[in-house]
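For reference, the structure discussed in these notes is given below.
The values are calculated or read from the model by the stated rules, or taken from the named source; none is laboratory data. Treat the numbers as computed from the prediction; the structure is a model and nothing was measured. Virtual Cβ from ideal backbone geometry, glycine too; neighbours counted across all protein chains shown. Only protein heavy atoms, including side chains, enter the accessible area calculation; ligands, DNA and RNA are left aside. Shrake-Rupley method; radii C 1.70, N 1.55, O 1.52, S 1.80 Å.
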Amino acid sequence: MAQPLVKKDDDRDDEAEYSPFLGIEKGAVLQEARVFNDPQLDPRRCSQVITKLLYLLNQGDSFTKVEATEVFFSVTKLFQSKDLGLRRMVYLIIKELSPSADEVIIVTSSLMKDMNSKTDMYRANAIRVLCRITDGTLLTQIERYLKQAIVDKNPVVASAALVSGIHLLQTNPEIVKRWSNEVQEAVQSRAALVQFHALALLQQIRQNDRLAVSKLVTSLTRGTVRSPLAQCLLIRYTSQVIRESSTQTGDRPFYDFLESCLRHKAEMVIFEAARAITELSGVTSRELTPAITVLQLFLSSSKPVLRFAAVRTLNKFFRKLRNYIFGDGVVGTFELRPSESGSVAMTHPMAVTNCNIDMESLISDQNRSIATLAITTLLKTGNESSVDRLMKQITNFMSDIADEFKIVVVEAIRSLCLKFPLKYRSLMNFLSNILREEGGFEYKKATVDSIVILIRDIPEAKESGLLHLCEFIEDCEFTYLSTQILHFLGIEGPKTTDPSKYIRYIYNRVHLENATVRAAAVSTLAKFGAMVDALKPRIFVLLRRCIFDSDDEVRDRATLYLNTLGGDGEVVETDKEVKTFLFGDLDIPLVNLETSLKNYEPSEEPFDIHSVPKEVKSQPLVEKKAPGKKPAGLGAPPSGPPSTVDAYERLLSSIPEFSNFGKLFKSSAPVELTEAETEYAVNVVKHIFDRHVVFQYNCTNTIPEQLLENVSVNVDASEADDFAEVASKPLRSLPYDTPGQTFVAFEKPEGITAVGKFTNMLRFIVKEVDPSTGEAEEDGVEDEYQLEDLEVVAADFMMKVGVSNFRNAWESMGEDFERVDEYGLGPRESLAEAVSAVINLLGMQPCEGTEVVATNSRSHTCLLSGVSLGNVKVLVRLQFGIEGSRDVAMKLSVRSEDEAIGDAIHEIVSCS
């Protein structure tokens with residue numbers, strides 16, 4: 001039962017709200033539902049019970065089939081009541097219960113009777129319910145009534161029919177499309193909602209026909225739409241037509257209509273038109289000025305919703321304008337300065353800067369959302385002379401807003417600092433000050449990330465920024481941030497003019513923090529000792545003290561670094577191998593390393609880190625297969641610790657013909673050689689060795705009445721000149737639905753990227769199987785089955801191995817074997833398509849999320865890393881640019897440990 005309302009204490013303004021449904025239980029409510037069967041119905045009580053049922057359904061409680069059926073049949077008896085309020089509740093509960101097809105028949109007659117009732121409320125709700133619960137068969141029977149309802153004089157009935165048509169269009173589009181004439185007539189209605197819903201339905205009916213949509217927009221822009229809601233919809237459809245038209249500059253179709261809407265009497269229409277104009281591609285200053293003027297007026301409106309809408313639209317417009325001018329200036333997690341991206345001269349300076357004065361007044365707006373948008377917009381559009389004034393205003397503003405708004409402001413300040421690097425002092429001081437204030441983890445993390453980015457991108461800001469971070473970790477309450485800052489100090493600190501001033505801050509962490517931070521501090525100290533030889537004696541003293549720490553991880557790290565640094569604390573140069581160990585990236589996936597360590601059995605031979613597979617495996621490999629078929633071959637490897645790579649290596653080494661091929665470099669994902677639902681399912685895995693390539697054909701027989709024997713694949717390598725077949729292993733027997741493998745091995749020149757195309761023919765002996773006994777006949781028939789062609793491409797010889805810090809890895813690789821060249825990739829649909837194509841061509845691992853291209857970007861930088869055949873590390877930097885004609889140009893920079901690998905990558909791109 002529902003708990004009674006508790007009287008609130010009038011003296012307490014923050015008293016919690018009380019729900020009339022507090023504590024209700026499904027069983028009790030179902031018992032109450034028996035009142036629906038009373039001979040004398042009590043409408044008020046029945047409505048209360050239905051309300052409770054609706055509450056339970058919307059809270060996620062589910063009724064069993066029996067419970068739902070009982071409630072449904074009880075509810076149908078309530079059609080006897082003439083109470084309007086109860087009838088509305090009946091409609092709602094029927095919609096929510098979603099009765100089955102058999103049950104719908106029972107209530108259909110009552111609903112159809114209501115649909116033809118003289119009471120308009122009955123008619124409108126009956127239409128909504130019928131269209132919600134009906135199927136295609138019943139819909140054809142009531143179609144005539146729905147068409148009549150669309151053109152009904154009562155706007156409530158007409159809107160109900162139109163909204164139902166919008167929903168039915170998803171399930172029964174052919175039926176709804178027959179209503180076009182009636183919907184077209186409803187578009188001319190004087191009722192605002194009817195016109196709005198009719199226009200929405202008509203556009204959805206024609207949405208797949210661009211010419212029909214264009215004609216619709218053309219006919220309606222002549223002034224026949226009176227409803228402000230419908231006018232807003234029309235503006236959106238007009239914008240869509242403009243975007244899809246080929247004309248991007250000059251006389252733009254329908255622009256005059258959008259401009260005329262700026263003078264509409266309804267504020268929503270004015271705003272929608274202004275927003276649409278600012279979102280036009282390649283908008284000119286003449287076209288933009290009226291829209292900006294309207295938004296500027298809204299900035300000073302007394303209505304908060306108009307102020308918010310205007311400042312949010314201007315914020316989005318400036319972001320779009322900045323992308324258009326500068327392109328996508330993102331490299332990893334760092335944003336390029338304007339001097340590196342393009343000209344700072346904006347296309348429409350006068351059209352937008354006039355709004356800045358009005359937006360500055362919004363910084364003190366009572367609505368914090370408006371104030372935050374105003375601040376971030378000003379930070380994006382302000383000039384160098386206005387930075388100091390903005391910083392003073394923001395300082396007072398920050399204490400009044402929530403953390404999520406502060407994060408937005410911090411990110412905008414970071415962008416401003418990268419835009420005007422000479423102002424880094426005031427902006428860096430602002431960031432350091434807000435670090436000392438109270439705030440949550442995400443807010444502090446965003447501030448720390450901003451300081452780190454400024455340090456990396458503005459060399460002059462390095463020393464002051466590092467000191468700000470050192471002061472922050474003195475009182476930092478977040479372990480994650482402390483460890484990240486210590487790691488960053490270990491990389492950048494030794495490169496400063498006076499590295500010794502950071503040692504005190506780092507060693508304080510060993511005494512004052514938890515074990516995780518202490519361990520990170522020990523590692524950072526070791527990096528200073530390795531990179532700054534003059535500090536090594538002092539570092540040794542500090543590390544020796546750490547040997548007596550209470551935590552085993554801290555002790556182990558201190559011992560490791562003391563032994564690794566060597567020299568017994570003397571001022572001697574650290575070995576290059578030690579620096580590589582301390583600063584180099586671990587080019588092995590941690591999950592692979594963990595698996596190999598678990599599988600290592602202690603013996604006289606030490607653990608060899610070079611035996612750990614380097615290929616990135618995001619999840620266990622699952623082969624594609626037709627529905628109902630079992631995975632073939634190694635498509636379903638054991639779910640235990642051994643990885644798929646380990647399973648493949650064990651399988652190949654167990655076959656005598658392949659046991660002397662050496663260590664497996666890489667195994668590809670399965671490549672399907674047959675279509676789904678064919679009689680034989682075959683896919684192939686390419687195993688790459690230094691001098692060999694082994695094709696593993698995973699076969700499945702999907703015909704129950706057949707047994708296949710002596711199964712093999714005849715491979716024609718006439719289009720692969722560098723390959724010579726050296727061994728094969730046929731499959732003795734392939735029963736129904738039992739996966740099996742057959743292998744073919746090819747030899748290739750050692751260490752080179754050999755490519756080619758292979759034609760495959762599956763050959764076998766077919767034996768009929770008796771379904772009753774399951775035994776096969778003794779005699780069989782030779783048969784063959786043509787498979788799809790298979791290609792070995794350059795990406796097969798490259799292993800995806802990521803690096804945690806691409807910039808450090810790039811710099812440590814050096815310029816000795818760097819090769820840079822530019823290429824034209826021809827016309828492309830988008831920049832994202834070009835980036836994806838090159839990544840797939842090279843088969844390397846994208847780093848730092850640079851595979852994602854921002855929408856409408858005109859330039860992009862993508863970072864790739866990998867290991868080539870022979871365990872040679874390779875780093876690639878791709879810089880893309882797209883012109884108005886959709887032609888894409890690319891600058892390719894390659895650094896590797898072997899000059900031949902860099903040349904090979906350039907050759908791959910030039911020949912593709």
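Taking 14 Å as the cut-off, the amide N atoms of the range 865-900 that come nearer than this to a point 7 Å along the Cα-to-beta-carbon line of E822 belong to 879-883, 888-893. The trypsin sites (Lys or Arg not before Pro) of the range 52-85 meeting both criteria, a DSSP state outside H, G, I, E and B (loop) and at most 13 other C-beta atoms within 10 angstrom of the site's C-beta, are K82.
Since only T289, L84, P704 are under comparison, the one whose Cα sits farthest along the positive direction of the charge dipole of the chain, derived from C-beta charges on Lys, Arg, Asp and Glu, is L84.
Using the Cα centre of the chain as the reference point, and only Cβ charges (+1 on K/R, -1 on D/E), how large is the resulting charge dipole? Debye, rounded to the nearest 20.
Computed charge dipole of the chain: roughly 5440 debye.
Only helical runs count toward this figure. For the chain, summing -39,500 (n - 2.57) over DSSP H runs of n ≥ 4 and dividing by all residues gives -15000 deg cm²/dmol at 222 nm. Taking a sphere under 12 Å around the Cβ of I506 and counting the other residues whose Cβ falls inside, with K and R at +1 and D and E at -1, yields a net charge of +4. Over the range 744-894, accessible surface divided per residue gives 49 Å², non-protein components excluded, 1.4 Å probe. Under the criterion of Cα pairs below 8 Å and six or more residues apart, the relative contact order for the chain equals 5 percent.
Simple rule: put +1 on each Lys or Arg Cβ and -1 on each Asp or Glu Cβ in the chain, find the dipole, and look at P846, A371, C911; the Cα lying farthest toward the positive end is A371. Working note: Karplus 6.51/-1.76/1.60 with θ = phi - 60° gives the range 763-778 the couplings 10, 6, 10, 9, 10, 6, 10, 6, x, 6, 9, x, 8, 8, 5, 6 Hz, where Gly and Pro are set to x.
Here the gap between M268 and T773, fully extended at 0.36 nm per residue and compared with their Cα-Cα distance, gives a gain of 174.1 nm. Based on the Cβ-Cβ distance from T64 to R88, what FRET efficiency comes out when R0 is 25 Å, to the nearest 0.05? Given R0 = 25 Å and the Cβ-Cβ separation, E is 0.40. Here the 3J(HN,Hα) profile of the range 531-539, calculated from phi with Karplus coefficients 6.51, -1.76 and 1.60 at θ = phi - 60°, is 8, 10, 4, 5, 8, 4, x, 5, 5 Hz, Gly and Pro shown as x.
With protein chains left intact and a 1.4 Å probe, residues in the range 656-712 average 35 Å² of accessible area per residue. For the range 350-483, the square roots of the Cα gyration tensor eigenvalues, ordered a ≥ b ≥ c, give a/c of at least 1.5 with a/b no greater than b/c, which places it in the oblate category.
For D449 and N856, a Förster radius of 35 Å and the Cβ-Cβ distance give a FRET efficiency of 0.90, rounded to the nearest 0.05.
From the Cα trace of the range 827-912, what convex hull volume per residue do you get, rounded to a whole Å³?
In the range 827-912, the Cα convex hull volume per residue is 82 Å³.
How would you classify the range 757-869 from its alpha-carbon gyration tensor, with a ≥ b ≥ c the square roots of the eigenvalues: rounded for a/c under 1.5, else prolate if a/b is greater than b/c, otherwise oblate? Judged from the Cα gyration tensor, the range 757-869 comes out prolate (a/c at least 1.5, a/b above b/c). Note on R226/D498: beta-carbon distance plugged into 1/(1 + (r/R0)^6) with R0 of 45 Å gives a FRET efficiency of 0.05. The residues of the range 373-498 present an accessible area of 40 Å² per residue when probed at 1.4 Å with all protein chains retained. Exceedance of the 19 Å cut-off in Cα-Cα distance is limited, within the set K153/K177; K82/K113; K757/K891; K423/K495; K303/K392, to K153/K177; K757/K891; K423/K495; K303/K392.
Can you give me the % of accessible surface on the chain that is carbon or sulfur? Probe 1.4 Å, all protein chains present, nothing else counted. Accessible surface attributable to carbon and sulfur in the chain totals 49 percent.
A Cβ-based charge dipole, computed about the Cα centre of the range 394-472 with Lys and Arg at +1 and Asp and Glu at -1, lands at about 320 debye. Using every pair of separate Cα atoms, the Kirkwood estimate puts the hydrodynamic radius of the chain at 34.7 angstrom.
Once you have a ≥ b ≥ c as the square roots of the Cα gyration tensor eigenvalues for the range 16-91, tell me rounded if a/c is under 1.5, and otherwise prolate or oblate according to whether a/b is larger than b/c.
Oblate.
For trypsin sites (Lys or Arg not before Pro), no site in the range 804-836 is both called loop by DSSP and has at most 13 other Cβ atoms within 10 Å. Subtracting the Cα-Cα distance of E883 and R45 from 0.36 nm times their residue separation leaves 294.7 nm of extension gain. Charges were assigned to the Cβ only: +1 to each Lys and Arg, -1 to each Asp and Glu. The resulting dipole of the range 732-814 about its Cα centre is roughly 900 debye.
One decimal place: the segment T289-V726 gains 150.0 nm when fully extended, by the rule 0.36 nm per residue minus the C-alpha distance.
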